[in-house]
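What follows is one structure encoded as structure tokens, with my remarks underneath.
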Amino acid sequence: MSDCPDSLNFALSPLQRRRARERTFYRWLAFAASLGILPVLALAMRIDAHTSGIGTANRLLQQELQALQPQLEQLAASQRNIAHMQSRLATLDRQAILRAQAASLLRAASSAARPEIRLYRIALQTGVGELRGHAAEMRDVQAYAEALRQAGMEGATLHELRALETHSGGGRYDFTLSLPLTLPPLDGPADADGRK
């Protein structure tokens, strides 16, 4: 009788046999539940370890970023300073070109000076110079423009010419000569009129 299973053990009452079957069922159920829970626990432990590693890495990165923050701020300040200096250098280059153009214009006006011509305004605009003055005759204006061309101001053209009446009754001309100034950007030592 001892070799028979509990269900065939007639020495036990039906109630005892039923309880023995229930205990066996619950044991197998607990075993199966344990087998199902173990992989989940292993996965949870792995996820927890991975999360802990990520948290440690994030803290390390935060510390590195905080350590690098002063250097990043210094780099940004240096870049702003470089941009400001480049803008200032470009402004100085433009001013040097304008000074060279002004010197060239004044030199040409001086070398082409004629007693019949009286200048009352010399203007320098972007790429263009203007000479305004008075002349007794129109041929004097034309001769002055030709003298400017010979002095290196090629392209000197008469921009405006007006006839004015003087108090003495004689004729007088008010003129404006336009002179294109196309000097190249300064990229090396240059003299006063922008020529190297």
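The values are calculated or read from the model by the stated rules, or taken from the named source; none is laboratory data. Bear in mind the structure is a predicted one, so any value in this text is a computation, not a measurement. Glycine also receives a Cβ, built like all others from the backbone with ideal geometry; neighbour counts cover every protein chain displayed. Areas reflect the complete protein model, heavy atoms only, side chains present, ligands, DNA and RNA absent. Shrake-Rupley method; radii C 1.70, N 1.55, O 1.52, S 1.80 Å.
For region 7-71, chymotrypsin sites (Phe, Trp or Tyr not before Pro) meeting the loop criterion (DSSP other than H, G, I, E, B) and having at most 11 other Cβ atoms within 10 Å: Phe10. Mean sequence separation of contacting Cα pairs (under 8 Å, at least six apart), scaled by the length of region 60-133, corresponds to a relative contact order of 16 percent.
Taking a Cβ cut-off of under 14 Å around Tyr120, the surrounding Lys, Arg, Asp and Glu residues balance to a net charge of +2, with basic ones at +1 and acidic ones at -1. When Val141, Val128, Val40 are compared by accessible area at a 1.4 angstrom probe, the order from most to least is Val40, Val128, Val141. Summary value for region 56-186: 22 percent relative contact order, contacts being C-alpha pairs under 8 angstrom separated by 6+ residues.
In this simple spin-label model, placing a label point 7 Å from the Cα along the Cα-to-Cβ direction at both His159 and Ala113 gives a separation of 2.2 nm.
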